[in-house]
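S.K.: Below is the structure I would like to discuss, written out as structure tokens.
Only the coordinates and a few stated rules stand behind these numbers; no lab work does. From a predicted model like this one, the values you see are computed outputs, not experimental measurements. Here Cβ is always computed from backbone atoms with ideal geometry, including for glycine, and neighbour counts include all displayed protein chains.
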Amino acid sequence: MTLRPVKGMNDILPDEVGRWHELEAVLRRELELSGYAEIRTPFLESLDLFVRSIGDTTEIVEKQMFSFQRGDETIALRPEGTAGVARAYVGHALHAKEPVSRLYYLGPMFRAEQPQRGRYRQFWQAGAEVYGDPGPGVDAEMIDMLVGILHALGIENLEVCVNSLGSQGTRARYREALRAYLEPKKSALSEHAQKRLEDNPLRILDSKNPKDRDAVQGAPSILDLLEPDDLAHWEGLKRALTALGTPFVVSPELVRGLDYYTRTLFEIRSTAGELGTQNAVLGGGRYDGMVEELGGPKTPAVGFAMGLERVLLAMPKRAAAERPRCFIAPLGERAATEALLIARELRQAGVPALADTRGGSLKSLLRRADSIGARLCLVLGDTELERGVVALKDLVEKSQSDVPRAEVVARTVAALSRPPGSAATPA
Ligand code: HAM
């Protein structure tokens, strides 16, 4: 029986991993340029953390947690990064060390969703959180930075959706207004939405079911219920985004699947590349109540998380950069040991080198060098050993020269630094 990975969890093979590295490098560089420092929190947390922060009537907590019992504690694989970062922020009293903390993270998250393209049970997120800055300016700065990052990655056709949920009081009043609006239409709602009408009617707003979409047409907008302070924050956000030149769409139906949000909410969607219906490449917002809820002081917070698989689906596929590689083909047992020494010397000089000491004919070794995409092949057999040389073959130039053993590293480095097509005459 062939063993498969767990449903919705994917292997990332060596030929794909280069694009991941490229993406991760851009993200780290851009986030660090904006003053974020990396934080690494555990993949496992107490289930209670997610129930308290994300909310017990959310899809994530109700249906998508991977959790298990260990002693008398229920432990869960993290479905997202914000709750763990907030727990660490409170637990290490980071608020006492600096007035504003800017933290980022990168790693796998786990949600037992129905897998499809762009939606997996293990997926990677890069995210960032700012603690201690209440103003809408930092929200706008974050959205603007994210648009810049996506453009730098070559992702076009972006739609930046923004909304405000006000404070917890606004949410409660809106819940009632929405319930009152939908109650007379209850029988027209999907079965799932009928249940949501009782415990979390806001979730009906982003239902994809056509019945629910029809029913919410004309529903009251949360933006009409904002209290003066929340309204000033919302207006401030729109002004700042306009001043930064970041186009956005006001989306009152945007509620997102986590209960911790207050005020600003945003999501960036794209129709680029191979993204299908799962077109939200990132989402985030403000969650001014979470730090206090987890036992810390009252601290405003805002953050985002980006799905790396989705970004990779949206990113144009660039030609892989040529990797100058050096393959060493020893012929015979004595040469095999020498090949290991040469490989070590090359690596010490920073040249990626691979010695194939399995034995075999020159023809089969050259075939292997070709298959790994090597630019150079160093061949040595008994004759070369006796003469104190190594044959240096340029597989792209189709040229060959004998190089004194003592000069192998310097000549290899020189050959790799020459672009193919500019060959020097063999010595
Ligand atoms: P989220 O919207 O649940 O927010 O996830 C953020 C992003 O992660 C999504 O926009 C999507 O790109 C990606 N994502 C989510 N679920 C999956 C999945 N099953 N498969 C593939 N990609 C997925 C959060 O997680 C919040 N923690 C964001 C945040 C940070 N809010 C404040 N701070």
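S.K.: Toward the positive end of the charge dipole of segment 299-366, about the Cα centre and with charges on Cβ (Lys, Arg +1; Asp, Glu -1), which of 314, 353, 301 goes farthest?
M.R.: Most positive-ward Cα: 314.
S.K.: Hey, could you pull the Cα Rg and Dmax for the chain, both in Å?
M.R.: When restricted to the Cα atoms of the chain, Rg and Dmax are 28.3, 95 Å.
S.K.: If one computes P(r) from the Cα atoms of segment 349-427, what percent of pairs lie at distances over 18 Å? Let's see the in-between values first.
M.R.: Working: 1244 of 3081 pairs.
Above the 18 Å cut-off, segment 349-427 has 40 percent of its Cα pairs.
S.K.: Distances longer than 15 Å among the Cα atoms of segment 263-314: what percent of all pairs is that?
M.R.: Working: 713 of 1326 pairs.
Looking at segment 263-314, the distances longer than 15 Å represent 54 percent of pairs.
S.K.: Testing the spin-label approximation: label points 7 Å from Cα along Cα→Cβ at residue 175 and residue 293. State their distance in nm.
M.R.: 1.1 nm
S.K.: Right, something else. Using the Kirkwood radius over Cα pairs, work out the Stokes-Einstein diffusion coefficient for segment 289-427 at 37 °C and 0.692 mPa s, in µm²/s as a whole number.
M.R.: Estimated via Stokes-Einstein, D reaches 184 µm²/s.
S.K.: Oh, and also: When the dipole is taken about the Cα centre of the chain, and only Lys, Arg (+1) and Asp, Glu (-1) are charged at their Cβ, what size is it in debye, to the nearest 20?
M.R.: Details: 55 positive and 59 negative charges, 239 e Å.
Taking the Cα centre of the chain as origin, the dipole is about 1140 debye.
S.K.: I would also like to ask the following. Treating the angle as unsigned and between 0 and 90°, give the value, to the nearest 10°, between the Cα long axis of helix 333-348 and the longest Cα principal axis of the chain.
M.R.: Helix 333-348 sits roughly 50 degrees off the main axis of the chain.
S.K.: Still on this structure, I have one more. Step through the residues of segment 287-293 one at a time and calculate ³J(HN,Hα) from phi using the Karplus curve (6.51 cos²θ - 1.76 cosθ + 1.60, θ = phi - 60°), rounding each to whole Hz and writing x for Gly and Pro.
M.R.: Using θ = phi - 60°, the values come out as 9, 5, x, 5, 4, 5, 4 Hz.
S.K.: Next question, about the same structure. State the answer as a single residue: which of 166, 147, 192 lies farthest towards the positive end of the charge dipole of segment 130-209, with beta carbon charges of +1 for Lys and Arg and -1 for Asp and Glu, about the Cα centre.
M.R.: 192
S.K.: Assigning unit charges at the beta carbon (Lys, Arg +1; Asp, Glu -1) and nothing else, what dipole magnitude in debye, to the nearest 20, does segment 291-427 show about its Cα centre?
M.R.: Working: 20 positive and 16 negative charges, 70 e Å.
Dipole magnitude for segment 291-427 comes out near 340 debye.
S.K.: Report the convex hull volume per residue for segment 97-178, counting only C-alpha atoms, in Å³. Each step should come with its number before you reach the end.
M.R.: Details: hull volume 15.8 nm³, N = 82.
Hull volume over Cα atoms, normalised by residue count, gives 193 Å³.
S.K.: Please state the charge dipole magnitude for segment 1-148, taken about the Cα centre, from unit charges on C-beta atoms (+1 on K and R, -1 on D and E), reported in debye and rounded to the nearest 20.
M.R.: Numbers: 17 positive and 23 negative charges, 100 e Å.
It works out to roughly 480 debye.
S.K.: For the chain, which longest stretch is free of loop sites, where a loop site is one of the trypsin sites (Lys or Arg not before Pro) that DSSP puts outside H, G, I, E and B and that has at most 13 other Cβ atoms within 10 Å?
M.R.: Numbers: sites that count: 7, 40, 97, 117, 208, 298, 317, 318, 358, 398.
So the longest stretch without any such site is 118-207.
S.K.: Restricting everything to alpha-carbon atoms, can you work out Rg to Rh for segment 14-95 with a Kirkwood hydrodynamic radius?
M.R.: 1.07
S.K.: How high is the relative contact order of the chain, given as a whole-number percent (alpha carbon pairs under 8 Å, six or more residues apart)? Write down the numbers at each step before the final one.
M.R.: Numbers: 724 pairs, mean separation 60.9, N = 427.
Relative contact order for the chain comes out at 14 percent.
S.K.: Now a separate question. Would you kindly compute the Cα radius of gyration of segment 234-326 and its largest Cα-Cα separation (Dmax), both in Å?
M.R.: 17.9, 59
S.K.: Below 21 Å Cα-Cα, how many Lys pairs turn up in the chain? Only count pairs eight or more apart in sequence, or on different chains, if you could.
M.R.: Close lysine pairs found across the chain: 14.
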